[in-house]
Amino acid sequence: MPEGGIVADESVSFGRGFYKETHAAPPHDWLHITGGAIGCGMPLATGAAIGAGGQRRVINLQADGSAMYTLQALWTQARERLPVTTIILSNRKYQILIGEYQNVGANPGPTAMSMLDLSNPDIDWLRRPAAWVWRRPAPPRWSNAPTCWRSPAPSRRRS
């Protein structure tokens, strides 16, 4: 993580362990979701990059289900050439909502569970940004690694 980086974290059900692993990282800021809603992670990352004047790298830890709520934030990041790296944590389901069923003791049936399944059809997170002509890093070499997107550098030529 770069010094002065900003982490925009909407990885509640999958990424709870990330926070403590940054204790030895260079100084950075960590922005959490407010709770009670999903879909704010990518707009949070966009706002953080704009608020920092495009001078600080923003790392967006983003769950796949909540990413589908505000996908248009990625277009804004590309258009404004914001220094945002989005890491999609893809478990192919709305795990946070499944956890809420468990919290209230509900036993959802097959129809309810199918509505929380994101694998039919599967979301191809590597192809999605191709429509916006983004630079993409090569996928990580380790197995089960998150999918990464990186928007272009902060400088931008306007015509």
(message) Between residue 81 and residue 117, what's the calculated FRET efficiency when r is the beta-carbon distance and R0 is 25 Å? Round to 0.05.
(response) 0.10
(request) Name the long-range amide H neighbours of residue 93: under 5 Å, sequence gap of 5 or more, or other chain; modelled H, no Pro or chain starts. (result) 65, 118
(request) Count charges around residue 28 for me, please; just the other residues with Cβ under 15 Å from its Cβ, Lys/Arg as +1, Asp/Glu as -1. (result) -1
(request) May I ask you to evaluate 6.51 cos²θ - 1.76 cosθ + 1.60, the Karplus curve with θ = phi - 60°, for each residue of the range 48-58 and list the ³J(HN,Hα) values in order in whole Hz, giving x for glycine and proline? (result) 5, 5, 5, x, 8, x, x, 9, 10, 5, 10
(request) Read phi for every residue in the range 92-99 and hand back ³J(HN,Hα) as whole Hz from Karplus 6.51 cos²θ - 1.76 cosθ + 1.60, θ = phi - 60°, with x for Gly and Pro. (result) 6, 7, 7, 4, 4, 6, 4, x
(request) Output the peptides 70-83, 18-31 sorted from most to least packed, where packing is the average of other Cβ atoms within 10 Å over each peptide's residues. (result) 70-83, 18-31
(request) Hey, can you grab everything whose amide H is under 5 Å from the amide H of residue 31? Only 5+ residues off in sequence or another chain; H modelled, so Pro and N-termini drop out. (result) 7, 8, 9
(request) Figure the gain on full extension for residue 34 and residue 71 (residue separation times 0.36 nm, minus the Cα-Cα span) and round it to one decimal in nm. (result) 11.5 nm
(message) Could you derive backbone 3J(HN,Hα) for the range 18-28 from the dihedral phi with the Karplus parameters 6.51, -1.76 and 1.60 (θ = phi - 60°), listing whole Hz in sequence and x where the residue is Gly or Pro?
(response) 5, 3, 5, 6, 9, 4, 9, 6, x, x, 7
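The numbers here are math on the coordinates, done by the rules we state, and not lab data. Predicted model only: the values in this text are computed from it and were never measured. Glycine also receives a Cβ, built like all others from the backbone with ideal geometry; neighbour counts cover every protein chain displayed.
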